[in-house]
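Heads up: the structure comes next, in structure tokens.
The values are calculated or read from the model by the stated rules, or taken from the named source; none is laboratory data. No experiment lies behind these values; they were computed from the predicted model shown. Here the Cβ is made from the backbone with ideal geometry for all residues, glycine too, and neighbour counts use every protein chain on show.
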Amino acid sequence: MNLRLDEDIQKLEAEKLRKGTNKAEKDLDSLKTDYKKLRLSMRTAGLGKTSEQWREEIREEKNKLDRWERKFQEVQARNKALEK
């Protein structure tokens, strides 16, 4: 009788371990999937850029701003000349 109880207990413990292992594997797979999605969204949003890449982008945007400001000033000067 004790032998049968020991067998049953071992079977139950083995089943619990299997279920725990399966749950841990599912959780790990879920974490891996979430991590991949996060990395993709970071790349899409540009959050994965290096400092140098950000500096270059800022430099380019400042250059665009300077060009637009010059064009705006040229148009204003042309409008003033036409008003005279």
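At a glance:
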quantity	calculated
Residues satisfying the stated conditions in the range 68-84, i.e. under 37 Å from the mean Cα position of the chain (by Cα) and either surrounded by fewer than 10 Cβ atoms within 10 Å (Cβ to Cβ) or among the hydrophobic types (A, V, I, L, M, F, W, C) (or both)	W68
Tabulated pairs, the range 48-74, first outside the structural domain of K36 (by TED's automatic domain parsing), second in a loop (DSSP other than H, G, I, E, B) and surrounded by 10 or more Cβ atoms within 10 Å (Cβ to Cβ), C-beta under 8 angstrom, 6+ apart or interchain	E57/K49
Criterion (among the charged types (D, E, K, R), surrounded by 10 or more Cβ atoms within 10 Å (Cβ to Cβ) and not in a helix (DSSP H, G or I)) met by exactly one of K26, K11, K49	K49
